[in-house]
Amino acid sequence: MTDNDALPASAPAIATPATADADALLVADRVTKQFGGLTAVREVDLTIPRGSIVSIIGPNGAGKTTFFNIIVGIIEPTAGGVSMAGRRMIGRPLRAWIEPFVWIAPGVLFFVLATLIALAGQDEIGVGVIIVGLVVFAAMLLAAVIRPRWYLNMLQRFGVFRSARPNEMAAAGIGRTFQNIRLFANASARENVLVGMHLKLKSNLLDAFLSTGRSRREEAAAAAKADELLELVGLKGRGDALAKNLPYGDQRRLEVARALASEPSLLLLDEPTSGMNPNETTEMRVLIKKLRDELGISVLLIEHDMHVVMGISDHVTVLDHGEKIAEGSPEAVRANPKVIEAYLGTAAT
Amino acid sequence: MTAKVAAAPRSDWRAPFQKFRDEHHSLTILLIWLIIAIALPLIVQIPPLSTFQPQIVWVDGFAISGIYILLALGLNIVVGFAGLLDLGYAAFFAIGSYTFAFAASPQAITHLNIPFWPMLIVGALIAALFGVLLGAPTLRLRGDYLAIVTLGFGEIVPALFLNADALTKGTNGIGGIPQPSLPCIGDFCVKFSFIDPFPFYFTMIGILAIVMVLIYRLLESRLGRSWMAIREDELAASSSGINTITTKLLAFALGASTAGFAGVFSASKLGNVTPDQFLFVVSFTVLAMVVLGGMGNPWGVVIGAFTLYTIQSVVLKELNQFFQSQHVPILQNIDFVQYQFLLYGIALVGMMLLRPEGLFPSNRRRRELHQETVEETDIAPPTTALDES
């Protein structure tokens, strides 16, 4: 299986299926990111099959976190792209010049119409049409800012492609944690998980205003589910504690719970065991394995400590100076001389 | 006195009240406002207060202070809940006012004659629309930059109304704005007029009570949580699937719609709209009210707005009269009303130094501003020094 033919970088279609491997959940295709003259990530391919634990390891500064941030839609890649479940999500914009026309055109159309009507001597109607045109123009402008689904679908019909935003990646099924913990520090643990559940809750503004039975039932069910998730990650009974008052290891676990709350198909963990003691590290590894085995969630793990990932990964990719230097099973990677060199330096000759 | 009424259900020694509040939050809010509505006109008849000014003037002042309370509640959504510093909030107040002027005043060029009650909703909706339109370009900005852009909008809108002479009659503004009217029930008629402030007063309390219920419902909903999330950490919020753009726009829209209510009410209460009602001073005063009362806590904001307005419109005047009547040497020559912004400034500086979370902060805001206090002693303090790069 080669990743390179999964998605040609120039493919204009957004919904190109990943031809090579229908099982692939996430396919990163020749992802490159340059910051000025520095190439942080150079043509990295990665495939995450469904239900697997894949790890990216590499020494500090290898570009792991940059790669990770590209996958979740925070950083736009300089070249290459990422597709999720066969749908292209991240990449260079395509035919972006069409987009302004999409939201200007309806307004202009109304303006032309109004001019024609005015020429026909119907001034009153012409003014009405212009007002409608302005409203339509404002609505389209707003749609371009908010990017609702119908707008994206319309753009897709015109062959326009733009990278997904982080929240759109979350909606596509990616849950993530952060290398330096980013919890909502002044909220309780339960509230943190409830925020993570955002995508799964359906109550709208009107429900909130009227405090409908539906929204109250939903909130109650969500709170119960949040407690379940807290129990799953080992934070039972800590729901009311403030996130910032939790011990370090618990904060990491709470981040996992928050990421799980959106019921992701792929969980991205950025150095989930950094700063943990050996005991906590073992617990985290057990938890990651449990998530995969019991909930069927695929996991992408980023670590700079090789030993953490060896026991649990199905597949390991090694990055160094932004380039992929090795990949394969944990054992093969550990034996790879290039990897040893990257971690320990060149052997004296 | 408002403080006491508002704070009563929160105290610990009143468990049954607290239980009632938790189970019927909206009803509690309505009841508290009902008590306030009845109590305020009675309290001002008690001697020390009744000597200042007659009851009718007090009630008239309360009705106008209600406008500022509404504005403060609306700004609190934007600043306190979503954490977006908006210095041009008076723009939405202006849009609400002018909307009603155009819709109802016979002197406006539109010559429409739409009554007050539907316009209350329409004014709020139009203000919300402009909230979204003005909010949209600022979405990528935070903190200082956002404040400056909103400051610009706050200046543009009154300037527009001032200079669009043909539509708005410039400095003269639009007068002759009608008062609300209600159908009589049998012999019982409620007549809104400049002379009798009571109908306006009760209408204002009604609007405040409803707005307050809605705000608390929002706060406890999914949207309220999303605002908390983007205020605390925008990146983490967006990675949790929250659309930060719609969430912020909704904060702008809902804040603006509250200002729209205030604008329509104010236009009808005062009978005219002029551009100088919506200068930067208004935005600043309302922001000071929110900060003083306690960002993020609607009741705190209500008290802050009420206190500041009363100080500005009653206390300073009374102070003048008192010092003059007593012939206090230097003080009798000082016009305190002129120095109100000096006093605001001093109050705000003192506030920021001594109690940055405001007089009645929400619990969360207090935690944000006092990072060092760890409230639950049985839990170890967080470790933070272990991050790699």
### Test result for A:ILE125, in contact with a helix residue (DSSP H, G or I) (Cβ under 7 Å, 6 or more places away or on another chain), on the phi < 0 side of the Ramachandran plot and at pLDDT below 85
yes
### Query
Which condition number does B:MET119 fail, the rest of (1) farther than 30 Å from B:LEU42 by Cα; (2) surrounded by fewer than 23 Cβ atoms within 10 Å (Cβ to Cβ) being met?
(2)
### Query
Quick one: which of A:VAL309, A:VAL299 is touching an Asp or Glu at 6+ places or on another chain (Cβ under 6 Å) and touching a residue at least 40 places away in the same chain (Cβ under 8 Å)?
A:VAL309
### Message
So for the range B:212-226 (the condition being out of contact with any Gly (no Cβ under 8 Å at 6 or more places or on another chain) and of a type in the set (Val, Ile, Thr)), does at least one residue qualify?
### Response
yes
### Query
Do you know which residues across the range A:166-178 are within 7 Å of chain B (Cβ to nearest Cβ) and surrounded by fewer than 21 Cβ atoms within 10 Å (Cβ to Cβ)?
A:ALA171
### Message
Let me spell it out: the conditions are (1) buried (at least 17 other Cβ atoms within 10 Å of the Cβ); (2) assigned to a helix (DSSP H, G or I); (3) facing another protein chain (nearest Cβ under 7 Å), and A:ALA138 meets all of them except one. Which number is the exception?
### Response
(1)
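Kindly indicate whether B:THR247 is of a type outside the set (Gly, Ala, Ser), farther than 30 Å from B:ILE35 by Cα and within 14 Å of another protein chain (Cβ to nearest Cβ). Write out each step before concluding.
Details: of a type outside the set (Gly, Ala, Ser): yes; farther than 30 Å from B:ILE35 by Cα: yes; within 14 Å of another protein chain (Cβ to nearest Cβ): yes.
Answer is yes for this residue.
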### Message
Of everything in the range A:184-203, what is surrounded by fewer than 24 Cβ atoms within 10 Å (Cβ to Cβ) and either assigned to a loop (DSSP other than H, G, I, E, B) or more than 7 Å from every other protein chain (Cβ to nearest Cβ) (or both)? Give them in sequence order.
### Response
A:ALA185, A:ASN186, A:ALA187, A:SER188, A:ARG190, A:LYS200, A:LEU201, A:LYS202, A:SER203
### Message
Step by step: first the residues of the range B:247-285, then only those that are outside any helix (DSSP H, G or I) and hydrophobic (A, V, I, L, M, F, W, C), then the one that is farthest from B:LEU353 (Cα to Cα). Which residue is that?
### Response
B:VAL273
### Query
If we only count helices (runs of 4 or more DSSP H) wholly inside the range B:286-376, which ones have 1 or more residues that are hydroxyl-bearing (Ser, Thr, Tyr) and over 17 Å from the mean Cα position of the chain (by Cα)?
B:316-326
## Note on the structure
Exactly one of B:ALA128, B:ALA147, B:ALA103, B:ALA94 is modelled with pLDDT of 85 or more and within 14 Å of chain A (Cβ to nearest Cβ), and that one is B:ALA128
### Message
I'd like the full set of residues that are of a type in the set (D, E, K, R) and under 30 Å from B:THR244 (Cα atoms), limited to the range A:104-149.
### Response
A:ARG147, A:ARG149
#### Entry: The lone exception for A:ILE130 - which of (1) away from chain B (no Cβ under 11 Å); (2) in a loop (DSSP other than H, G, I, E, B); (3) free of Cβ contacts under 8 Å to residues at least 60 places away in the same chain it fails
(2)
### Query
Across the range A:58-83, which residue is surrounded by the most Cβ atoms within 10 Å (Cβ to Cβ) among those that are away from chain B (no Cβ under 14 Å) and not in a loop (DSSP other than H, G, I, E, B)?
A:PHE67
### Message
Which residue is nearest to A:GLU294 (Cα to Cα), if the candidates are limited to the range A:204-258 and must be at the interface with chain B (Cβ under 9 Å from one of its Cβ atoms), over 25 Å from the mean Cα position of the chain (by Cα) and without any contact (Cβ under 8 Å) to a residue 12 or more places away in the chain?
### Response
A:PRO247
### Query
Can you tell me which residues in the range A:285-304 are acidic (Asp, Glu) and closer than 18 Å to A:GLU255 by Cβ?
A:GLU303
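Hey, among A:ALA120, A:ALA221, which residue is surrounded by fewer than 16 Cβ atoms within 10 Å (Cβ to Cβ) and over 30 Å from B:LEU27 (Cα atoms)?
Values: A:ALA221 fails: over 30 Å from B:LEU27 (Cα atoms).
Residue meeting the stated conditions: A:ALA120.
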### Query
Do the conditions hold for B:ALA166, that is, is it modelled with pLDDT of 90 or more and more than 23 Å from B:PHE202 (Cα to Cα)?
no
### Message
Cβ-Cβ distance below 8 Å, separation of 6 or more or different chains: which pairs start in the range A:68-86 with a residue that is more than 24 Å from A:GLU303 (Cβ to Cβ) and end on one that is in a helix (DSSP H, G or I) and at pLDDT 90 or above?
### Response
A:GLU76/A:ILE70
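The values are calculated or read from the model by the stated rules, or taken from the named source; none is laboratory data. The model shown is predicted, which means the values in this text are computed figures rather than measured ones. Cβ atoms come from the backbone with ideal geometry, glycine included; neighbour counts cover every protein chain shown.
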